[in-house]
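Q: One structure, as structure tokens, below. Some questions next.
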Amino acid sequence: MIEAELYYDPFDYLIDDDPYPIWARMRAEAPLYYNEKHNFYALSRYADVVQALPDWSSYRSGRGTTADILFSGIEVPPGILLFEDPPLHDLHRRLLSRVFTPRRMLAVEGLVREFCCRALDPLRDTDGFDFVTQLGAVLAMRTIGYLLGIPESDQQMIRDGTDERITVGSDGSGGDVSAAIFQDSMVAFAEYIDWRARHPSDDLMTDLLTAEVETADGVQRPLERGEVLAYTAMIAGAGNETSARLIGFMGQLLGEHPDQRRALVADPALIPAAVEETLRFEAPSPVQARYVARDVEWHGRRVAEGSYLLLLNGSANRDHRHFADPDRYDIHRHAGHLSFGQGIHFCLGAALARLEARVAFEEVLARWRDWEVDYPNAQRARTSSVRGWARMPVRTVPT
């Protein structure tokens, strides 16, 4: 049998459904892959991705870290930390590090558990539920909404708007991305920010409104309104999407691996390790886009300044050169992963995502020991930045 020509496209639905066979071929046959249609290079091996991710001076984020934004060439406004390079990135990250404090994260756990219970308790007498629409998305939305100070009555509208803006078009082209994607996302929060400026509270939005940053020349200044809007939109978008996809993947994988699910029931202390293995096995954000800032060389080939480079951390997480038996899901594995990135762009919300997933499965497994995935009614999410399930329904067996 003649094997098909190697082709990888981050906007292709069929590839996105199961990219791992193609990523395995890329690691073996084309560790520096070039796509002529979209004019990008891609690195897929663990050793290459782990080297490139922290090298911000060579591989820049300031023109976008998702393929659709980067390839479009649109200008990214300041304040979106994911799409910034030093020194502006360092200035803004220091500020956000002060508002994403361990104290605040510790205080959030009780609320996360409360949100879980509110979502799950009404489902105890049903024959199933959806890990994304009835748990993951609700939990992430409520938690981020609480942190930002957005009323519960408006949170679904905010989440729906985010989903609509990042969804890839059905033609696989990556959608008609324009600068309006940033403007639209920020407009959604303008009213809340103006209201919160008049009514300060103990939330992230108030912290941002009252924060001061120190510029390179040592001058202290408050954040501009546009920066507060950009911060808020970024936190809401990133916090909602990735946590929901993580919980969806974990529900799916534990449904497919009943022995490992029952091990967690017997010993809930294993749940954090199961969260890490889920992140390795199915990275919610598996592709990081970068702009090449200087000529570089990979595998004997030159990649010119100005090129687009995709760092496939989802592929690196399955590289047999680094992980033993990488295509096996194993909650007892302790091998690390690249799903939160590396270096200055390491995910600022990693602790929150881990907390939400841990608490979610502590509460799920306290109610149900057994479930089966209802694949005929499952549905994929289609974006160029976040991979996962839009719907992950399961059939449950009451304990």
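Q: Work out the charge dipole of the chain with +1 on the Cβ of Lys and Arg and -1 on the Cβ of Asp and Glu about the Cα centre, then indicate which of Tyr59, Ala304, Val219 is farthest towards its positive end.
A: Value computed over the given set: Val219.
Q: Let me ask something else. Among the complete DSSP H segments of the chain, which ones combine at least 20 Å of alpha-carbon extent along their axis with a mean Kyte-Doolittle hydropathy of -1.0 or more?
A: Working: long enough: 102-120 (27 Å, 0.32); 152-166 (22 Å, -1.63); 180-198 (28 Å, 0.10); 225-256 (47 Å, 0.36); 350-367 (26 Å, 0.52).
TM-like helix candidates: 102-120, 180-198, 225-256, 350-367.
Q: Now for a different question. Looking at the square roots a ≥ b ≥ c of the eigenvalues of the Cα gyration tensor of the stretch 277-329, which shape do they give, rounded for a/c under 1.5, prolate if a/b is larger than b/c, or oblate? Numbers along the way, then the final one.
A: On the way: a/c = 5.31, a/b = 1.98, b/c = 2.68.
Cα axes put the stretch 277-329 in the oblate bin.
Q: What FRET efficiency comes out for Asp259 versus Ala47 if R0 is 30 angstrom and r is the Cβ-Cβ distance? Round to the nearest 0.05. Numbers along the way, then the final one.
A: Details: r = 32 Å, r/R0 = 1.07.
Taking R0 as 30 Å, the efficiency between Asp259 and Ala47 is 0.40.
Q: Any idea what the relative contact order of the chain is, in percent, if you count C-alpha pairs under 8 Å spaced at least 6 apart? Before the final figure, lay out the partial values.
A: On the way: 655 pairs, mean separation 106.3, N = 399.
This gives 27 percent for the chain.
Q: Cβ neighbours within 10 Å, averaged per peptide: list 17-30, 308-321 in order, most packed at the top.
A: Values: 17-30: 16.1, 308-321: 23.1.
In descending order of packing, they fall as 308-321, 17-30.
Q: Could you tell me the calculated FRET efficiency between Tyr7 and Arg94, based on Cβ-Cβ distance and R0 = 41 angstrom, to the nearest 0.05?
A: Working: r = 42 Å, r/R0 = 1.02.
FRET efficiency, Tyr7 to Arg94: 0.45.
Q: Here is a follow-up. Taking 0.36 nm per intervening residue step and subtracting the Cα-Cα distance, what contour gain separates Arg104 from Glu212 on full extension? Don't jump to the answer; show the numbers that get you there.
A: On the way: separation 108, 0.36 × 108 = 38.88 nm, distance 1.92 nm.
Fully extending the segment from Arg104 to Glu212 adds 37.0 nm.
Q: Could I ask something else about it? Measuring from a point 7 Å past the Cα of Ala350 along Cα-to-C-beta, which residues in the stretch 195-229 have an amide N at less than 19 Å?
A: So the set is empty, nothing qualifies.
Q: Shifting gears a bit: Tell me the mean residue ellipticity at 222 nm calculated for the chain from its helices only (DSSP H runs of n ≥ 4, each -39500 (n - 2.57), averaged over every residue, nearest 500). Walk me through the intermediate numbers first.
A: Working: 15 runs with 186 residues, N = 399.
Result for the chain, helices only: -14500 deg cm²/dmol.
Q: Determine by what factor the alpha-carbon radius of gyration of the stretch 5-55 differs from 2.2 N^0.38 Å, reporting the quotient. Mind dumping the intermediate values first?
A: Working: Rg = 11.1 Å, N = 51, 2.2 N^0.38 = 9.8 Å.
Cα-based Rg divided by the globular estimate yields 1.13.
Q: Sticking with this one: At 7 Å along the Cα-to-beta-carbon direction for both Arg113 and Arg302, put a label point, then send me their distance in nm to one decimal.
A: My value for the distance between the label points is 6.0 nm.
Q: Assuming 1.002 mPa s and 20 °C, estimate D for the stretch 46-398 with Stokes-Einstein, Rh taken as the Kirkwood radius over Cα pairs, in µm²/s.
A: On the way: Rh = 21.1 Å.
Reported coefficient: 101 µm²/s.
Q: Further, regarding this structure: Projected onto the charge dipole of the stretch 221-318 (+1 at Lys/Arg Cβ, -1 at Asp/Glu Cβ, origin at the Cα centre), which of Ala293, Asn317, Ala233 gives the Cα projection farthest towards the positive end?
A: Ala293
Q: Hey, rough spin-label estimate for Glu29 and Val219, points 7 angstrom out along Cα→Cβ, what's it come to in nanometres?
A: Rounded to a tenth, the inter-label distance reads 5.6 nm.
Q: Further question: Tell me the Rg and the Dmax, in Å, that the Cα atoms of the stretch 19-135 produce.
A: Taking only Cα atoms of the stretch 19-135, I get Rg and Dmax of 20.6, 55 Å.
Q: Calculate the translational D of the stretch 194-269 in whole µm² s⁻¹ from Stokes-Einstein, where the hydrodynamic radius comes from the Kirkwood formula applied to all Cα pairs, the temperature is 20 °C and the viscosity 1.002 mPa s. Could you put the intermediate results ahead of the total?
A: Details: Rh = 16.1 Å.
Reported coefficient: 133 µm²/s.
Q: Between Asp217, Asp68, Asp121, where does the largest GNM mean-square fluctuation fall for the chain, given springs only between Cα atoms within less than 10 Å?
A: In the Gaussian network model the winner is Asp217.
Q: In nanometres, what is the gap between the two model label sites at Asp55 and Val397, each 7 Å from Cα along Cα-to-Cβ?
A: Label-label distance for Asp55 and Val397, simple model: 5.1 nm.
Q: Out of the stretch 346-377, which chymotrypsin sites (Phe, Trp or Tyr not before Pro) are coil in DSSP terms and have no more than 15 other C-beta atoms within 10 Å? Working shown, then result.
A: Working: sites: Phe346, Phe361, Trp368, Trp371; in loops: Phe346.
Listed in order of number, the matching sites are Phe346.
Q: With +1 on each Lys and Arg Cβ and -1 on each Asp and Glu Cβ, how big is the dipole of the chain about its Cα centre, in debye rounded to the nearest 20? All intermediate terms of the calculation are to be shown ahead of the outcome.
A: Values: 42 positive and 60 negative charges, 149 e Å.
Rounded to the nearest 20 debye, it is 720 debye.
No lab work stands behind these numbers, since they all come straight from the coordinates. On a predicted model such as this, the values are computed, not experimentally measured, just so you know. We place every Cβ from the backbone using ideal geometry, glycine too, and count neighbours over all the protein chains shown.
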